[in-house]
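The values are calculated or read from the model by the stated rules, or taken from the named source; none is laboratory data. Since the structure is predicted, the reported quantities are computational estimates derived from the model, not experimental observations. In this analysis, Cβ positions are derived from the backbone assuming ideal geometry, glycine residues included, and neighbour counts consider all displayed protein chains. Quick note on the areas: whole protein, heavy atoms, side chains included, nothing else; ligands and nucleic acids left out. Shrake-Rupley method; radii C 1.70, N 1.55, O 1.52, S 1.80 Å.
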Amino acid sequence: MSSHLSANVKRAVVSYRPSIWGNCFLSCTPDDEITLAYKWQQAEDLEEVRTELMAAADIFGKLKDENGSFKKCLINDVEGMLGLYEAAHLRIHGEDILDEALAFTTTHLAVKVNKALYRPIRKGLERLEARSYISIYQDEASHSKGGGKI
């Protein structure tokens with residue numbers, strides 16, 4: 001039965017026009033001098049990128065305090081934290097400061113934003129929603145010490 005099926009199968013034949021280049025690229029190897037010059041240029045480019053990345057690490061180092069942890073004042077700057085979070089995702093292997101930045105921003109942004117993303121304060125009962133924000137608000141430097149009662 002299989003011979004019967006294979007006899008009825010017609011395969012399309014494709015006839016491509018020959019290229020003006022022929023087959024020279026199949027057997028052509030670049031000259032050693034050209035290859036070597038290209039590799040040297042690549043190495044120089046990679047070194048330049050590495051230097052720029054090290055300079056970026058120095059910039060992120062300015063965001064740390066004398067104890068080596070990220071400054072507490074960053075916590076209240078949500079836009080700055082989002083920028084640091086996005087920058088931390090551009091890290092490469094061995095950039096410990098960006099690994100630390102990712103952990104720092106993820107933790108602190110989660111506290112500030114998760115509740116608002118789950119249920120916006122305007123969609124809940126005001127008194128109940130306000131209670132959940134009191135603990136966050138107490139930690140902010142801008143809060144009023146003599147606040148009213150809920």
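So if R0 is 30 Å, what FRET efficiency would His93 and Ala116 give, r being the distance between their Cβ atoms, rounded to the nearest 0.05?
My answer for the efficiency is 0.30.
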ask   = Can you tell me the accessible area per residue over region 37-131, all protein chains present, probe 1.4 angstrom, in square angstrom?
value = 78
message = In Å and on Cα atoms, what radius of gyration and Dmax does region 68-128 show?
response = 14.2, 47
remark   = Checked against a 29 Å limit on the C-alpha separation, the offending pairs among Lys71/Lys115; Lys62/Lys112; Lys39/Lys64; Lys64/Lys115; Lys72/Lys123 are Lys39/Lys64; Lys72/Lys123
Cβ-derived FRET efficiency at R0 25 Å, Ile134 paired with Lys64, nearest 0.05 = 0.25
ask   = Can you give the extra length, in nm with one decimal, that the chain gains between Glu44 and Arg11 once fully stretched, where that is 0.36 nm per residue apart less the Cα-Cα distance?
value = 6.7 nm
